[in-house]
Protein chains: 2
Amino acid sequence: MAKGALPGFRDFYPQELAERAYLLRTWRDVARRFAFVEYDGPPLEPLELYTRKSGEEIVGQLYNFVDKGGREVALRPEMTPTFARMVADKANALRKPVRWFSVPQLFRYERQQKGRLREHFQLNVDLVGESDVTADAELLAVAVEIVRALGLTQNDVRARVSDRRLLRALLGALGVPEGQAPAVFGVIDKIERQPLEISREKLAALGLGQAAVDAIVGLTGRVSLERLRADYGTVPDVAERLADLERYFGYLRALGVGEWVDLDLKIVRGLAYYTGIVFELFDAHGEFRAICGGGRYDTLLESLGGVDLPALGFGMGDVVLGELLRKRGLMHAERSAADYWVAYSDPAQLGQAMELAGALRRGGASVEYALKAQQLGRQLKAAAAAGVPEAVIVREDHALILKSLASGEERTVRLREGRLV
Amino acid sequence: MAKGALPGFRDFYPQELAERAYLLRTWRDVARRFAFVEYDGPPLEPLELYTRKSGEEIVGQLYNFVDKGGREVALRPEMTPTFARMVADKANALRKPVRWFSVPQLFRYERQQKGRLREHFQLNVDLVGESDVTADAELLAVAVEIVRALGLTQNDVRARVSDRRLLRALLGALGVPEGQAPAVFGVIDKIERQPLEISREKLAALGLGQAAVDAIVGLTGRVSLERLRADYGTVPDVAERLADLERYFGYLRALGVGEWVDLDLKIVRGLAYYTGIVFELFDAHGEFRAICGGGRYDTLLESLGGVDLPALGFGMGDVVLGELLRKRGLMHAERSAADYWVAYSDPAQLGQAMELAGALRRGGASVEYALKAQQLGRQLKAAAAAGVPEAVIVREDHALILKSLASGEERTVRLREGRLV
């Protein structure tokens, strides 16, 4: 007998499954309120789908192998390549904007650490076909409304937003050559995770002068649109992006999520393919990894699927989010106990109990009963142990007694059209 | 760009996903009405978990490989070994009977043919800890109530039931040596799929006389408990099983599914591990493969998990069931269109439209609106194309008009606590 699940993989016993179901239902509920529709793809895909987007280096993190037909395949480490393939295949037939979501289980062969397993479930929400910041606001609102629906507040979770095009324009205004921008992005991406002196040295090593280094470090601190306008508003590229961002923040306020969002130019999102507004959601105390990350990737569908459509999306995993909810006492579980336990006074009445159970079930209720004849007291004990709220007792005179297992209160009932009345 | 999904794997575009969601929701709903609770395990497991149960020959049908830690692993081809492992790990702590279900996606590298893909979703319902036929009746009732909930009738689907212990007792009564029984089971298992003469020859080749061969062939025809009692009722082993089966059919009638079930001793279920009552569900016209199969496997938990508990279960896949439902015009889809489309007369009112969308969404409704400013007529056209039933029009004077997109009917409404009144 194998000893257990593989390292990094989870068994979901009913209690854990009920918590997972609570999370996934909330994801789906909120995504649907925003008029996103669900899709799914295969958990196993051609390896090329991932190397095409991320290069050969990703193979080291994949569950990849050669199948019995000689195909190079991999368990999906992320959903975006599948999404791009599916959208590209039917790009002309799909109503725009495409508003799709999915809840795939994803797989990575990673060193195990807190908040990182080798599989997780990840909500993916993507929107294709709209280049305006209205779409960026709509997308971030989905993420915020999810954490709100889970009982978290703007004091628990903050959305940190940046804009790669704004940052690029600001770097231009500071005299950073276009070709150096990616390297500067790389330093900013890590600026929170290393001593500031190291970041300064790295920027200086890129050939930037003291003034530019100071200004870049300043941009990664507390900034506001007003401050940026005052400092850089005369640069046309910057002014244009600031105007878009002002509209963006206005839309977020209109959608009711403005209070959750901070402008934070430190947010770069490591992956190279983002082209515009990017965001991450974090717990406000900074105890956990990012809960969610995403942004605009206007060129990715072209490069992956040959279809030139603007697009944006985010991913939100179940592991870090679950840790945060548990820490805050907010992890709930879908209810799994039955509605009724049918009990019987006389073992000879098992058949009558089954008839009643069958009728109540066809009426929509969840019903359990003792499969082996037992004394009534033991049946009621089993019902209470199962967490069932009410027992229906079939008495020897065939009368039906509805008994609350919490209060012990009893009343006579009758079965009418699959319900107890 | 990879051209598409791997052969035998499905992309679920929103329409297909909505049909899958309809099936899976029905599975879950009915399983819950029978007080089964959901669990799940990893899609990737140690290879040994499967070879332990099915022998090395199963490897030829698996997606198996060596992971980056040198472990022999496989995508799960079935759920029972994972179920057995999980139950065995917590056998003492679990409330008995264990009533669990799961809806895993399963993977087999098989030659492709009708009704057979390389992945499918399969409802698994298992019950552990009860050896009486009450449990067998409860289990089959779940399967029948699912197909009933999907709109099928007892004229569309038949449950065919046999009992391996009865068959063994009957073979004993016919003088078949104990050691020959598995070989005879093998012939009976195939008797429908080959010319009867071949089956007769195979039985004769096992050393059975003409009378025994005739009797066995007779048993695989139309039989009834009454007929069996008349012919074999004096054999104590047979009489005991017939008494149990009579109770079993009585319980099925009490649970309201008796009319769906036929005694059919041809049902063997190829897999070797079944020990008692076995069953399959078929479409009544015999056009499709089995919709569902299962039975009692009282020794499997012992051999797989070292825990001596009686158990029984069934599996029901989404592929054949989906084909049957489509053929009968009964495949439905979960509704995915939004409830409201918020439209605006003046592009300057986009912010007000977003506020309304945000409020309605927080009130629980699903809402879409045009992310790019458009003329009102185009917005309403987009709403109709999206299948949204009603538009809420924000007029220039800020009044809200609720318009049915089917009838064109309009009325003035107000927003109160996230709802339109």
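Per-structure values
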| item | result |
| --- | --- |
| For residue B:151: the one exception among (1) on the phi > 0 side of the Ramachandran plot; (2) assigned to a strand (DSSP E or B) | (2) |
| Spans of strands (runs of 3 or more DSSP E) in the range A:98-148 with at least 2 residues of a type outside the set (D, E, K, R) and farther than 18 Å from residue A:311 by Cβ | A:105-107, A:119-128 |
| Positions within the range B:62-76 being out of contact with any Phe, Trp or Tyr (no Cβ under 6 Å at 6 or more places or on another chain) and not aliphatic (A, V, I, L, M), in sequence order | B:64, B:67, B:69, B:70, B:71, B:72, B:76 |
| Qualifying residue in the range B:9-25 (condition: more than 7 Å from chain A (Cβ to nearest Cβ), outside any strand (DSSP E or B) and closer than 16 Å to residue A:334 by Cα) | yes |
| Residue in the range A:55-72 that is most open to solvent (accessible area, probe 1.4 Å), counting only those that are more than 8 Å from chain B (Cβ to nearest Cβ) and in contact (Cβ under 8 Å) with a residue 40 or more places away in the chain | A:61 |
| Cross-chain or 6+ apart pairs with Cβ under 6 Å, the range B:121-148 first and within 12 Å of chain A (Cβ to nearest Cβ), then among the charged types (D, E, K, R) and crowded, with 24+ Cβ neighbours inside 10 Å | B:127/B:99 |
| 1 or more residues over 30 Å from residue B:324 (Cβ atoms), open to solvent by 50 Å² or more (accessible area, probe 1.4 Å) and charged (D, E, K, R): qualifying helices (runs of 4 or more DSSP H) within the range B:173-289 | B:196-205, B:210-219, B:225-232, B:236-254 |
| Qualifying positions in the range A:154-172 - in a helix (DSSP H, G or I) and not small (Gly, Ala, Ser) | A:164, A:165, A:166, A:167, A:168, A:170, A:171 |
| Every residue from the range A:325-357 that is hydrophobic (A, V, I, L, M, F, W, C) and in contact with a strand residue (DSSP E or B) (Cβ under 8 Å, 6 or more places away or on another chain) | A:338, A:341, A:342, A:343, A:350, A:353, A:354, A:356, A:357 |
| Scan of the range A:25-34 for residues that are open to solvent by 20 Å² or more (accessible area, probe 1.4 Å) and of a type outside the set (Lys, Arg), ordered by number | A:29 |
| Only one of B:378, B:328, B:335 that is basic (Lys, Arg), away from chain A (no Cβ under 14 Å) and open to solvent by 30 Å² or more (accessible area, probe 1.4 Å) | B:328 |
| Test result for residue A:37, open to solvent by 20 Å² or more (accessible area, probe 1.4 Å) and either touching a Ser or Thr at 6+ places or on another chain (Cβ under 9 Å) or among the β-branched types (Val, Ile, Thr) (or both) | yes |
| Leading residue by the ranking (nearest to residue A:136 (Cα to Cα)) among those in the range B:364-375 that are open to solvent by 20 Å² or more (accessible area, probe 1.4 Å) and either within 7 Å of chain A (Cβ to nearest Cβ) or modelled with pLDDT of 95 or more (or both) | B:372 |
| Single condition residue A:411 does not satisfy, out of (1) out of contact with any helix residue (DSSP H, G or I) (no Cβ under 6 Å at 6 or more places or on another chain); (2) surrounded by 19 or more Cβ atoms within 10 Å (Cβ to Cβ); (3) assigned to a strand (DSSP E or B) | (2) |
| Filter result for the condition that a residue is farther than 29 Å from residue B:113 by Cα, more than 19 Å from the chain's Cα centre (by Cα) and either assigned by TED's automatic domain parsing to the domain that holds residue B:314 or of a type in the set (Asp, Glu) (or both), over B:244, B:264 | B:244 |
| Residue, farthest from residue B:100 (Cα to Cα), within the range B:53-80, restricted to residues that are modelled with pLDDT of 95 or more and either outside the structural domain of residue B:127 (by TED's automatic domain parsing) or among the acidic types (Asp, Glu) (or both) | B:67 |
| Residue A:102 vs. criteria more than 8 Å from every other protein chain (Cβ to nearest Cβ), open to solvent by less than 50 Å² (accessible area, probe 1.4 Å), closer than 27 Å to residue B:339 by Cβ and of a type in the set (Gly, Ala, Ser) | yes |
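The values are calculated or read from the model by the stated rules, or taken from the named source; none is laboratory data. None of the values given here were measured: they were computed from a predicted structure. Counting neighbours? That spans all protein chains shown, and the Cβs are built from the backbone with ideal geometry, glycine included. The accessibility values were calculated without ligands, DNA or RNA, using every heavy atom of the protein model including side chains. Shrake-Rupley method; radii C 1.70, N 1.55, O 1.52, S 1.80 Å.
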